[in-house]
Amino acid sequence: MGVIADVFSLVFGSRRNALRETLEVFRENAEAGAARAHEMQSAALSQLAAEFQYGGKSRFDRFMDGVNRLPRPLLALGTLALMGASLSDPVWFAARMQGLALVPEPLWWLLGVIVSFYFGARHQVKSQELQHALAASMARVPQVAANIAALERLRAEPPDAATARTEAAAPLDAAAAAEDNPALDAWKARRG
């Protein structure tokens, strides 16, 4: 009898499940894996939301945001103004273009680097703002899911339950009152 008990305790374990532990070496426990994945996703979302938490912007920050928005419109409007100037006063425009022709090539390279760094930095700021907006949206997911579930429960109610409410009965009363409208009846009689 002692040998059989030892075999059973070897296979099933004493207070341990050796069979389950052996299987988990080859195949992950689905419940534990789902719990770990949920914990990891929650931690990642919390970290992302905390990363983008910042208070209101100061006046200087708002001013600098306004200044940062100027170069693109100024470049576009300046180009259109140059096109207009070339049509209205070609001699003046040609003199300015001759002046640009005298600018040395390294200065053009420097201007290109400055402009590309500006627009690259602007792109970086915009992508970070997008990530902030995504984190804020992801933080609202549980509330949205709860709202959708509440709306689905309302859809599942039978029609008799809806007529008992005063909000649902009000449009029905208005429709019934519209049927007893003498002016509408007279208009219908004249038309048909």
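Nothing in this text is a laboratory measurement; each read-out follows from the coordinates by a stated rule. Note that the coordinates shown come from a computational prediction; the quantities given were computed from them, not determined experimentally. With ideal geometry, Cβ positions are generated from the backbone for all residues, glycine too; neighbour counts draw on all protein chains shown.
Given 0.36 nm per residue, what is the gain on full extension from HIS38 to ASP65 after removing their alpha carbon distance, in nm?
On the way: separation 27, 0.36 × 27 = 9.72 nm, distance 3.82 nm.
Between HIS38 and ASP65, full extension yields an extra 5.9 nm.
Residue by residue through the stretch 133-143, what is 3J(HN,Hα) from phi via Karplus (6.51 cos²θ - 1.76 cosθ + 1.60, θ = phi - 60°)? Round to whole Hz and write x for glycine and proline.
Each residue of the stretch 133-143 in turn: 5, 5, 5, 5, 5, 5, 5, 8, 4, x, 5 Hz.
Please name whichever of GLY99, MET64, MET83 sits farthest to the positive end of the charge dipole of the stretch 56-109, dipole taken about the Cα centre and charges placed at Cβ: Lys and Arg +1, Asp and Glu -1.
So the residue we want is MET64.
By how many nm would the segment from ASN29 to LEU77 lengthen if fully extended, with 0.36 nm per residue of separation less the alpha-carbon distance? Numbers along the way, then the final one.
Working: separation 48, 0.36 × 48 = 17.28 nm, distance 6.34 nm.
The ASN29-LEU77 span can extend by a further 10.9 nm.
Classify the stretch 55-153: rounded, prolate or oblate, from the alpha-carbon gyration tensor (a ≥ b ≥ c, eigenvalue square roots; a/c under 1.5 rounded; otherwise prolate if a/b is larger than b/c)?
Prolate is the answer for the stretch 55-153, as a/c is 1.5 or above and a/b outweighs b/c.
Note the full-extension length gain between PHE119 and ARG153 as 0.36 nm times their separation in residues minus their Cα-Cα distance, in nm to one decimal.
Numbers: separation 34, 0.36 × 34 = 12.24 nm, distance 4.96 nm.
Stretched fully, the PHE119-ARG153 segment lengthens by 7.3 nm.
Quick check: from the Cα gyration tensor, does the stretch 75-132 come out rounded (a/c under 1.5), prolate or oblate?
Numbers: a/c = 8.59, a/b = 1.87, b/c = 4.60.
Oblate is the answer for the stretch 75-132, as a/c is 1.5 or above yet b/c matches or exceeds a/b.
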